[in-house]
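Reading through the structure tokens given below for one structure.
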Amino acid sequence: MKALVFLGGGRITSAIVAGLKLARYKAPIIVHDRHPEKLRELQRTSNVDVEPDLSRAVKQAHILLIAVRPDSVDPLLEQIGEVKNPTLGVSLAAGIPLAKLRGRLGTQVRWARAMPSPVSRVGRGLTALTFDRGIPWPAQREVSTLFAQVGQVIEIPEKQFDGFTVTYSSSHGYHALATLAKAAVGTGLDRKTALLAAAHALADGIQAWRESGMSLENLLQEAATPGGIAATVMDIMDADGYAKTVERALKAGLRRSQQNAKK
Ligand SMILES: NC(=O)c1ccc[n+]([C@@H]2O[C@H](COP(=O)([O-])OP(=O)(O)OC[C@H]3O[C@@H](n4cnc5c(N)ncnc54)[C@H](OP(=O)(O)O)[C@@H]3O)[C@@H](O)[C@H]2O)c1
């Protein structure tokens, strides 16, 4: 059986591999990285096979996941050269378009892009996929099925990839949690209670939106009595430019992503 091969054994690989193991994924998983200590750690935590030799790793791949940082993609592909076996290349690199991948590694490699989430670690990921033209349907299904092991999968047009990337990051949730809890400590709550209260506000509230089928507007109305405390808090957030800040932040993220495409 040909393997799922990760090139790059860093953060996202570690999360996906843990999620795949949790899902009892059957195909062999091989990770290559230039840091032997990262490979040892992955072996210890997720019991995956590791291959410190790049060309031996690539030769075993049926699906080849490019999981290095965007700046490292080009040198890595240079290093690999040409792949002789039919292989599905899936790049996780933010901002690097299919146009820059197409034709790399020779004619045997067909390309897709994936934007997976580190929450894949616990099987609650969300992965956006986009496929290069001409990728046969069964190959597309293989890639979708792989990421479906670790959470929800959506296919979106490539032109939406940067927007998805700046929006879906679980860092937003962690950042909001940290910010809300810090402000809560400022009101006199101890840190543990502050985190509990803030996590309820964010995670349970959003879960209720997912599960209840109610609209966001109705849920907002239910949770914030007009003129009440929650409404007062939201009014100040809005008046102080909360929406504008988020908008500006996402636009900065988009520009950062677009820089990767130009390199
Ligand atoms: N982290 C996320 O949540 C996330 C989510 C979606 C997509 N992504 C994408 O996934 C990619 C990886 O992100 P990451 O956060 O996992 O990065 P990371 O933690 O830095 O892991 C990348 C690993 O690949 C190694 N590497 C780079 N070039 C190599 C080469 N030529 N041969 C062997 N190993 C090499 C790196 O070593 P060095 O440190 O020496 O370079 C590093 O150990 C990025 O392109 C990112 O846009 C990440």
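The values are calculated or read from the model by the stated rules, or taken from the named source; none is laboratory data. This structure is a prediction, so every number in the text was calculated from the model and none was measured. A quick note on method: Cβ atoms are made from the backbone with ideal geometry, for glycine too, and the neighbour counts reach across all protein chains shown. Note: areas computed on protein heavy atoms with side chains; ligands, DNA, RNA excluded. Shrake-Rupley method; radii C 1.70, N 1.55, O 1.52, S 1.80 Å.
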Flagged in segment 107-120 as surrounded by fewer than 21 Cβ atoms within 10 Å (Cβ to Cβ) and either touching a residue at least 60 places away in the same chain (Cβ under 8 Å) or in contact with a helix residue (DSSP H, G or I) (Cβ under 6 Å, 6 or more places away or on another chain) (or both), in numbering order, are P118, V119
Please give the number of the condition A148 fails out of (1) open to solvent by 10 Å² or more (accessible area, probe 1.4 Å); (2) farther than 25 Å from Q258 by Cβ; (3) in contact with a Gly (Cβ under 9 Å, 6 or more places away or on another chain); (4) among the aliphatic types (A, V, I, L, M). (3)
Can you tell me which of (1) more than 25 Å from I12 (Cβ to Cβ); (2) β-branched (V, I, T); (3) at pLDDT 95 or above is the one T225 doesn't meet? (3)
Quick one: what pairs do we get from segment 74-101, first residue more than 13 Å from the ligand (Cβ to nearest atom), second of a type in the set (V, I, T), C-beta under 7 Å, 6+ apart or different chains? V83/V58; V83/V109; T87/V109; L88/I63; L88/V143; G89/I66; G89/V109
If we scan segment 129-137, do we find a residue that is closer than 20 Å to S257 by Cβ, touching a residue at least 12 places away in the same chain (Cβ under 8 Å), in the same structural domain as L88 (by TED's automatic domain parsing) and within 14 Å of the chain's Cα centre (by Cα)? yes
Mind checking whether some residue in segment 210-228 is under 21 Å from the mean Cα position of the chain (by Cα) and surrounded by 10 or more Cβ atoms within 10 Å (Cβ to Cβ)? no
Would a scan of segment 21-30 turn up a residue that is part of a loop (DSSP other than H, G, I, E, B), at pLDDT 95 or above and within 9 Å of the ligand (Cβ to nearest atom)? no
From T87, T45, grab the single residue that is open to solvent by 70 Å² or more (accessible area, probe 1.4 Å) and among the hydroxyl-bearing types (S, T, Y). T45
Going residue by residue through segment 17-31, is there one that turns out to be under 19 Å from S72 (Cβ atoms), open to solvent by 70 Å² or more (accessible area, probe 1.4 Å) and in the same structural domain as R124 (by TED's automatic domain parsing)? no
Please work out if G8 is of a type outside the set (A, V, I, L, M, F, W, C), at positive phi, within 13 Å of the ligand (Cβ to nearest atom) and open to solvent by less than 20 Å² (accessible area, probe 1.4 Å). yes
Here are T165, T179: which of them is exposed (fewer than 15 other Cβ atoms within 10 Å of the Cβ) and either part of a helix (DSSP H, G or I) or modelled with pLDDT of 95 or more (or both)? T179
Report yes if R104 is assigned by TED's automatic domain parsing to the domain that holds F147, open to solvent by 30 Å² or more (accessible area, probe 1.4 Å) and not in a helix (DSSP H, G or I), otherwise no. yes
Looking only at segment 209-243, which residues are assigned to a loop (DSSP other than H, G, I, E, B) and β-branched (V, I, T)? T225
Taking the criterion of being in contact with a strand residue (DSSP E or B) (Cβ under 7 Å, 6 or more places away or on another chain) and surrounded by 15 or more Cβ atoms within 10 Å (Cβ to Cβ), would at least one residue in segment 188-195 satisfy it? no
